[in-house]
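Let me begin by presenting the structure, written as C-alpha cells, before commenting on it.
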Amino acid sequence: MEKYITTPITQEVTAGLKSGDYVYITGTVYVARDAAHRRMTEALDAGKELPIDIEDAAIYYMGPSPARQGRPIGSAGPTTATRMDRYAPRLLDLGQKAMIGKGNRSKEVVDAIVRNHGVYFAAVGGAGALLSGCIKESEIVCYEDLGAEALLKIRVENFPAVVVIDCNGDNLYEHVLP
Amino acid sequence: MIRELHTDIITENVKEMCIEANHFLSPDMVQAMKQAKDREESGLGRKILGQLADNLKIAGEEMIPICQDTGMAVFFAEIGQDVHLVGNYIEDAVNEGVRQGYEEGYLRKSVVGDPIFRENTGDNTPAVIHCSIVPGTKVKLTFAPKGFGSENMSRIFMLKPADGIEGVKDAILTAVKDAGPNACPPLVVGVGIGGTFEKCAILAKKALTRPVGTCSSVPYVAELEQEMLDKINALGIGPGGLGGNTTALAVHIDTYPTHIAGLPVAVNICCHVNRHVVREL
C-alpha cells in the first residue's frame, strides 16, 4: 500500500505502517552512519547529551557525495543498516522511532523496534542520484571533521522507502529470503 | 622497439576515468538492467528496477554520482614490457589521478588511512593497484571503483579437492544468500576458482570487469556461469532484496591452475552499480 507520512515519526505514525508498505516521507530527518553513531554512543557513555533531538526522530543511514554548487547535497542513497545494529537499540530506547537504510537487522534491533513502537525503512540501495532529488535542504549538525560521515539534518520531500520491519516486528526480508 | 609513455598521461586519464565511471554505467550494464526489468515478475521488483533506470539517467544528465559510495579505487594496470614509463613512479601517477578525479568530480572520499584508527585520507587515496607485465608497447588501464556494501559481503572459501564442483556451487550460493539485501541486488557475481588464497580473490575481482553478457571461453565454466545465474535468480531475493526473480544480472567465473591439496574459491559480490572503464594508452 502507498502511504504519505511526515516527520516527526510518532507512535501514531508507526502504528499505521505495515511491513511491505511503500511510503513517501516528508520532513526533517537526521543523517548519520558508522562514525557518527560511534561518537553519539561515546557522548552518552560520557554522560553528555546527544547532539540531536532524538524524540520521534528518523535517522537516515547515509554518507553523501559532495554537493555541487547550488545543490543541497550530492548522491545520497542508503548505506547498509546492519553496521549500525550495535548502536541502534540504545537510540531507539531513548526515543528514536525510525531508521532508514538497507539490509538486514539483528534480533536486538527488531526487539528494540517492537519495544519502542519503531519502524525500519529501506530506501533503494544504489539510487543515490534519484534520492538526491528528494533532499531539499541539508546542514551539518556536528562532527564535521568526519567528512562524508558528519552528522547532518536534512529536509526531504516525498522520499520513497519501503517498510521492512514494522512496529510489530514483521520483517519483509524474511518473507522473501530463501 | 621501446615506446616511451609519460606518466602525466596516466594521471590525466585516471582522473577522467574516475569521473566517467561514477556517472556513466557502461553500455553492457545498462542493457542488462533493461533486460532485467522486462523479465522481472514482481511488481515491486519492476518498480525498483524502474527507479534504478531513472537513477542512471539522472546521474548522467545532472552529473550526480550513480551511487554516493564512489568506492575505493581499484585498478588493473597491464603494462607492455616494451613500454618505458617516464616521469613519476606509476603508483604515484595513478594516485595523483585519483586525487584529482575525486576532487574535481565531486566524488565521495571514502578511504581511511589506517584500518584501526580510521582517519579519512581526504582524497580517496591510496588506490588498490594490480600491475602486471604483458607483451607489447601499450598500457591498458581498467578502473573499477568498488563500493563496500557489496565488498563486505564477499567471501573466500578454501575448499578441499573432494568438494569438487558441487562444493563450488554451494560456496557461490552461500555467499549470495548471506549477502541477501545488504549488497544492493541485482548483483553481478565475480568468482575465482583455483590458484592460491590471493590469486582466486584477484581472479574474482577481475571477473567483475568483464562485459556483462559475455561468457567464459571454457565450455564447462560457461555452463557453470549460466547454471549459477539461474540458481541465484531462483532464490527470490530480488531487486533491493524485496523479492523477485532478478537477484543477479550475471555470474562471471575465471579459473587458474591450483595445488594438488586445494580448491580455493573466491566470490566477489558487486551491486548493480558495477562500474568499469577501460582505456588503452
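The values are calculated or read from the model by the stated rules, or taken from the named source; none is laboratory data. The structure displayed is predicted, hence computed values, not measured ones. Positions of Cβ are generated from backbone atoms using ideal geometry, with glycine treated the same way; all protein chains shown enter the neighbour counts.
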Conditions (1) in a strand (DSSP E or B); (2) over 14 Å from the mean Cα position of the chain (by Cα); number of the one not met by B:M228:
(1)
Taking into account only those residues within region A:59-72 that are out of contact with any Gly (no Cβ under 8 Å at 6 or more places or on another chain) and in contact (Cβ under 8 Å) with a residue 24 or more places away in the chain, which is surrounded by the most Cβ atoms within 10 Å (Cβ to Cβ)?
A:I59
On the basis of being over 30 Å from B:A77 (Cα atoms), within 14 Å of chain A (Cβ to nearest Cβ), buried (at least 16 other Cβ atoms within 10 Å of the Cβ) and of a type in the set (S, T, Y), does B:T247 make the cut?
yes
Can A:L94 be described as surrounded by fewer than 20 Cβ atoms within 10 Å (Cβ to Cβ) and either out of contact with any Pro (no Cβ under 6 Å at 6 or more places or on another chain) or in contact (Cβ under 8 Å) with a residue 12 or more places away in the chain (or both)?
yes
Screening A:L152, A:L146 for residues that are part of a helix (DSSP H, G or I), within 14 Å of chain B (Cβ to nearest Cβ), out of contact with any Lys or Arg (no Cβ under 6 Å at 6 or more places or on another chain) and under 19 Å from B:R108 (Cβ atoms) leaves only A:L146
Select from region A:63-77 the residues that are at negative phi and more than 7 Å from every other protein chain (Cβ to nearest Cβ) and write down the one among them that is farthest from the chain's Cα centre (by Cα).
A:Q69
Out of B:V267, B:V221, which single residue is part of a strand (DSSP E or B), at pLDDT 95 or above and away from chain A (no Cβ under 14 Å)?
B:V267
Anything in region B:179-209 that is modelled with pLDDT of 95 or more, surrounded by fewer than 22 Cβ atoms within 10 Å (Cβ to Cβ) and closer than 21 Å to B:T246 by Cα? List them, or say none.
B:T209
Taking region B:61-90 and the residues there that are of a type outside the set (A, V, I, L, M, F, W, C) and surrounded by 16 or more Cβ atoms within 10 Å (Cβ to Cβ), the one that is nearest to the chain's Cα centre (by Cα) would be B:G71
Candidate set: region B:24-60, residues that are in contact with a Gly (Cβ under 6 Å, 6 or more places away or on another chain) and assigned to a helix (DSSP H, G or I); chosen: the one surrounded by the most Cβ atoms within 10 Å (Cβ to Cβ)
B:I48
Filter region B:101-126 down to the residues that are in a loop (DSSP other than H, G, I, E, B) and exposed (fewer than 13 other Cβ atoms within 10 Å of the Cβ), then identify the one that is nearest to the other protein chains (Cβ to nearest Cβ).
B:E119
Is there a residue in region A:36-51 that is part of a loop (DSSP other than H, G, I, E, B), in contact (Cβ under 8 Å) with a residue 12 or more places away in the chain and more than 14 Å from every other protein chain (Cβ to nearest Cβ)?
yes
Sort through B:I260, B:I193 and tell me the only one that's away from chain A (no Cβ under 14 Å), part of a loop (DSSP other than H, G, I, E, B) and of a type in the set (A, V, I, L, M, F, W, C).
B:I260
Residue check, B:S42 against (1) within 21 Å of A:S65 (Cβ to Cβ); (2) polar (S, T, N, Q); (3) within 13 Å of chain A (Cβ to nearest Cβ), all met but one. Which one?
(1)
Candidates B:I129, B:I133, B:I79, B:I156, filtered to the one that is β-branched (V, I, T), assigned by TED's automatic domain parsing to the domain that holds B:G240 and not in a loop (DSSP other than H, G, I, E, B)
B:I156
Return a yes/no flag: does region A:99-114 have any residue that is surrounded by fewer than 18 Cβ atoms within 10 Å (Cβ to Cβ), in contact (Cβ under 8 Å) with a residue 12 or more places away in the chain, within 30 Å of B:E103 (Cβ to Cβ) and within 14 Å of another protein chain (Cβ to nearest Cβ).
no
Meets criteria (buried (at least 24 other Cβ atoms within 10 Å of the Cβ) and on the phi > 0 side of the Ramachandran plot) for B:G238:
yes
The lone condition A:V141 fails out of (1) assigned to a helix (DSSP H, G or I); (2) within 25 Å of B:E119 (Cα to Cα) is (1)
(1) touching a residue at least 12 places away in the same chain (Cβ under 8 Å); (2) facing chain A (nearest Cβ under 8 Å) all hold for B:H84 apart from (2)
One residue is enough: does region A:124-139 have a residue meeting the conditions over 17 Å from B:G149 (Cα atoms), under 14 Å from the mean Cα position of the chain (by Cα) and away from chain B (no Cβ under 12 Å)?
no
Residue ranges of helices (runs of 4 or more DSSP H) in region A:61-135 with at least 2 members in contact with a Leu (Cβ under 6 Å, 6 or more places away or on another chain) and farther than 19 Å from B:Y106 by Cβ
A:107-116
